[in-house]
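Report on the structure given below.
The values are calculated or read from the model by the stated rules, or taken from the named source; none is laboratory data. In this text, all values refer to a predicted model and were calculated from it rather than measured experimentally. Neighbour counts are summed over all protein chains in view; Cβ atoms, including those assigned to glycine, are modelled from backbone coordinates with ideal geometry.
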Amino acid sequence: MEKLSEVKEGKYKVIDIIKHGKLKKLYNMGIFIGDIIEVIKSSPGPIIIKKGNITIGIGYGIAIDILVEKVD
Amino acid sequence: MEEKIIAIAGNPNTGKTTIFNSLTETRQQVGNWPGVTVEKKEGYYIYKGIKFNLIDLPGTYTLTGESEDQKIAIDFLTQNKVDVLVIVANALQLERSLYFLILLSELQKNIIVDLNMVDLAEGEGIEYDIEHLEKLLKVKFVKTIGNKNIGIEDLKEEIYKKCKEPISEYFKFNYGDEIEKAINESGNIIEKLNPPYPVRFFALKILEKDEYFINYLRDRTDYETINNLILNLEKNYSKPIERVLIEKRYGVIHGVVKEATIEKKKELKLHITEKFDKILTDNFLGPLIFLIIMFIIFNFVFLFGNPFVNFLELILDKLKFVFLSINLPLWLTSLINDGIISGVGSVLLFIPNIFLFFFLFSILEDTGYMARAAIVADRLMHKIGLHGKSAIPMILGFGCNVPAIMGTRILENRRDKILTSFSTPFMSCSARLPVYLLFTGIFFRENQGIIVFSLYLLGIFVGILSIKIFGSIFFKGGSSPLIIELPPFRMPYWKSVLIESWIRTKSFLRKAGTIIFLGTLILWFLSYFPNPNNYGTELNFIGKIGKFISPLFRFSGFDFWQAGIALIFGIYAKELVVGTFGTVFGIENLQDTIRNYFTPISAYSFMIMSLLYMPCLATFLVLKKEIGIRWAFASLFWSLFVGWLFSTIFYQFFSFLKGG
C-alpha cells in the first residue's frame, strides 16, 4: 500500500482515504474506495488521476491521504 | 405576460453555461448573490407567449449548507417559487449527474434533466435508453448538444409543458428500512421546528453531518436524541453514515445507468485527452506552454485591442473639439470636455481590452485548458499560500487589473478569491508604464529596462507580502488543497463565448459608468473652482488638496503640490499622472522642469508610489463589486500605505547611502 502522492504512473486500486473531509470531497466527485484509477501524472506537482470519463487533478495535500495499491 | 421561474443547476463542466446562453442569448444580467461574492446570472426568454425567467445556480457536485455557493442553491430552491428546475447532466459522466439529481429530488421540485454532450458520449460508444431512465427516475429527460445548439428548442418545449403540469410524483430514493426509520424519527423532531426546508431533506442533511444544518438544529432544539440515532446507525454499519448514504446512492445509480446504457460498437478510441494532459501538465513543458499561452493572450488583448482604443481616443478628441467649437458657456465646455469626456472616457477606453480579454478567457475555459493551467501553476502558488487557479487572474493583472479581478470568479473558495483580488492591483498593469517611461527616460536612460523590470518585481513582492499578511490575519488555515476536474478537451461554442464576453463587458460598463460619472463631476468641480481660468492648478481646490497632502511625502522626496495633484488624478487612471505633470509643469519644458523638481532617487521613489497605490477608479469599483465594499476600502488604504511606506524607505535609505 502506498500513498497516491508517492506513486508512479499506472493503474491503482483506491484502498482508503484517510481524512474524512477529503473522502467526502472525492466521493462527491465520483471517486470511491475500491475504485480502479489510472494515474496519468505523478508528483511533483498535483497528481492527475482518471476513472472512466472523469479526470481529476489532486493537490499534494490531498493525495498524501489517499492510499492505493498497484494493480496489473 | 405570464411569467415562470426556471432554475438551472448542474455539476461543473456539464456545459451549463452554454445551455444558459443558448436559452437566453444576450438577455442576461450578471450580479452577485446578496451578501456574498458568488456570481449570480439571470436571464429570460419568451416562448409561446410566456416569459421564462432563468436563474443560473452555482455549479456544484453536491448540496451542502457548509459551502457558500451550495447554500445559495439550497436557499434559492427552497425559498422561492421555482416552476421548473433544469438539471444539466453530462452524458459522459451520467452517474455523477444522476447523483446530483437524487440530491435535488429531495427538494421536491418539477425537474427536467437536460442530458447534454450526447455527441461526446456517442463518440465513446455510449447511448442511453431515455425512456428507461425516465421510467426509473420519474423525471423528464431532454437530449442536447449545447455547443452545437442542438436540442435547445426541445428543451424549451419541455420546460413549457412542465410548467403546465402540477408537480407530478417525484423520485424518492429508498435508503433501506434502517436508515429510512432514522430519517423519519429525526424528521419528527425537525418538523416541530418548522424549518424553511423540506423535512426529509433536512433530516438527510443531518445524517450527512452537514455543519450548517446541525447548527441550525442545535440552536433550536436538543440535538442529542438525533445524534444518538446517528451513532446507533454507525455502530451497525461500522462506518460513517454519510459514507453509507453516498454509497447507497451510487449503488442504485450504477444499476440504473447500466440498465439504461445501450453499448454500441466502440469507435476506435484514441486517448487524445490523456496524451494532451501529459504534455500540458508536464513538469517542464507545462510551464513553458502556460507562459506561451499567457504571452499570446497578452499580445492579443493589447495588440488587437489597442487600435480600437486609439480609435475611441480619436473619437473622444473629436467630440471635445465639437464641444469647443459650439459656443457653450465656458464652464459647461470645461465640464463636458475636462470632466465628463476625460473621466468617463478613461473608462470607455477599457472596453476593447476587456472584451478581448473575456473572449480569450471564455475560450480557455470552454476548451478545458484553464483547469490544466491551474495544475501547472499549483506548485508555485502553493508556496505563496494560494492554489493554482489564482495564478491566472494574477498574471493577467499585468495587462489590466480590472478584467483580472473580474476573472477571480473562477475561484470557488472565498478566501482565495478575496486574497487574489486583493493582491492583483499590485501587478503592474500597462497603465503604469507611461509613468515609468517618463521618469526612466529622464533619469535612468542607460538602464531603463532594468529599472522598469525592478518595479514589476517590487509589485509582485508586495502582492505576495499582502497575501501573507492579510491571509494570516483574516483567514484561519492555509489555502485549501487543489482538487479540480479536468474536463475533456472540446471546441468552444463561439456564440456562447461571444455572449459571455459581451455580457461581462456590459456589466462592467454599467456599474463602472454610473459611479465614474459621479466621481468625474466631483474631481472636475475641485479642479475648476474657484478660479476657472486655472483649471487643475494650485489656485483651485484640487491644488489646495495637493498642497495639503504633499507634506505626507516629505520623507519620500516629492513633497510639492504638483506631485500631490498628479497622484490624486492618478486615482482616476494611472495614465493621468503623466498628463497632469504635463498640465502643471507645462508640456514644452517638461523634462527640464521635472529634472528641477526630482532627483534620480526621488524619481524612483515616486515611481514606487505610482506603482503601489490603487491603480484606478475602475479597479476600485471592480473590487467593490467582486469582494465587497469593505475589502475595496481595505485595498485602497493598504495600497496607499504600502506605497507611502516603500517610497519613503527607499528614499531615506538611498539618500543616506549617497550622503554617507
Sort out which residues of the range B:386-409 are within 14 Å of another protein chain (Cβ to nearest Cβ) and surrounded by fewer than 24 Cβ atoms within 10 Å (Cβ to Cβ), and write them in order of number. B:A391
Hey, can you tell me all the residues within the range B:120-135 that are part of a helix (DSSP H, G or I) and either modelled with pLDDT under 90 or within 14 Å of another protein chain (Cβ to nearest Cβ) (or both)? B:L120, B:A121, B:E122, B:G123
The range B:358-461: helices (runs of 4 or more DSSP H) wholly inside it with 1 or more residues that are within 22 Å of B:D282 (Cα to Cα) are B:369-384, B:391-396
Screening B:I442, B:I418, B:I450, B:I392 for residues that are farther than 30 Å from B:F276 by Cβ and either among the acidic types (D, E) or free of Cβ contacts under 8 Å to residues at least 40 places away in the same chain (or both) leaves only B:I450
If you take just the helices (runs of 4 or more DSSP H) that sit entirely in the range B:174-275, which of them hold at least 2 residues that are more than 39 Å from the chain's Cα centre (by Cα) and surrounded by 19 or more Cβ atoms within 10 Å (Cβ to Cβ)? B:177-191, B:224-237
Filter the range A:31-46 for residues that are within 9 Å of another protein chain (Cβ to nearest Cβ) and either assigned to a strand (DSSP E or B) or surrounded by fewer than 22 Cβ atoms within 10 Å (Cβ to Cβ) (or both) and give the result. A:F32, A:I33, A:E38, A:I40, A:K41, A:P44
A careful count of residues in the range B:410-459 that are aliphatic (A, V, I, L, M) and more than 22 Å from B:F361 (Cα to Cα) gives 11
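To keep it simple, each residue is scored yes or no on (1) surrounded by fewer than 18 Cβ atoms within 10 Å (Cβ to Cβ); (2) under 27 Å from B:F555 (Cβ atoms).
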position: B:C616; (1), (2): no, yes
position: B:L623; (1), (2): no, no
position: B:G628; (1), (2): yes, no
position: B:S635; (1), (2): no, yes
position: B:F641; (1), (2): yes, yes
position: B:Y651; (1), (2): no, yes
position: B:F654; (1), (2): yes, yes
Selected residue (only one of B:L291, B:L233, B:L314, B:L229 is closer than 29 Å to B:G368 by Cα and either outside the structural domain of B:G123 (by TED's automatic domain parsing) or touching a Cys at 6+ places or on another chain (Cβ under 8 Å) (or both)): B:L291
Among the residues that make up the range A:15-22, is at least one of them within 11 Å of chain B (Cβ to nearest Cβ), surrounded by 19 or more Cβ atoms within 10 Å (Cβ to Cβ) and either of a type outside the set (A, V, I, L, M) or outside any loop (DSSP other than H, G, I, E, B) (or both)? yes
Among the residues that make up the range B:152-165, is at least one of them in a loop (DSSP other than H, G, I, E, B) and in contact (Cβ under 8 Å) with a residue 60 or more places away in the chain? no
Out of all the residues in the range B:301-309, is one or more more than 29 Å from B:L92 (Cα to Cα), assigned by TED's automatic domain parsing to the domain that holds B:G399 and either modelled with pLDDT of 85 or more or not in a helix (DSSP H, G or I) (or both)? yes
Would you pick out the residues in the range B:40-68 that are surrounded by fewer than 19 Cβ atoms within 10 Å (Cβ to Cβ), outside any loop (DSSP other than H, G, I, E, B) and either within 14 Å of another protein chain (Cβ to nearest Cβ) or among the charged types (D, E, K, R) (or both)? B:K40, B:E42, B:K51, B:E68
Going by what's in this entry, would A:G61 be described as facing chain B (nearest Cβ under 7 Å), farther than 23 Å from B:F276 by Cα and crowded, with 17+ Cβ neighbours inside 10 Å? yes
Step by step: first the residues of the range B:335-390, then only those that are more than 15 Å from the chain's Cα centre (by Cα) and among the charged types (D, E, K, R), then the one that is modelled with the highest pLDDT. Which residue is that? B:R372
Candidates A:I33, A:I40, filtered to the one that is more than 9 Å from the chain's Cα centre (by Cα) and over 25 Å from B:E208 (Cβ atoms): A:I40
Flagged pairs (Cβ under 8 angstrom, 6 or more apart or on separate chains; first in the range B:355-381, in contact (Cβ under 8 Å) with a residue 60 or more places away in the chain and away from chain A (no Cβ under 14 Å); second surrounded by 23 or more Cβ atoms within 10 Å (Cβ to Cβ) and basic (K, R)) are B:F358/B:R504
Going through the range B:483-512 one residue at a time, which ones are modelled with pLDDT of 85 or more, within 14 Å of chain A (Cβ to nearest Cβ) and touching an Asp or Glu at 6+ places or on another chain (Cβ under 8 Å)? B:L486
Looking at B:D119, B:D114 in this structure, which one is more than 16 Å from B:A9 (Cα to Cα) and not aliphatic (A, V, I, L, M)? B:D119
Residue pairs, Cβ under 7 Å, 6 or more apart or interchain, first in the range B:229-247 and within 14 Å of chain A (Cβ to nearest Cβ) and over 20 Å from B:F100 (Cβ atoms), second modelled with pLDDT under 90 and buried (at least 16 other Cβ atoms within 10 Å of the Cβ). List them. B:E234/B:P240
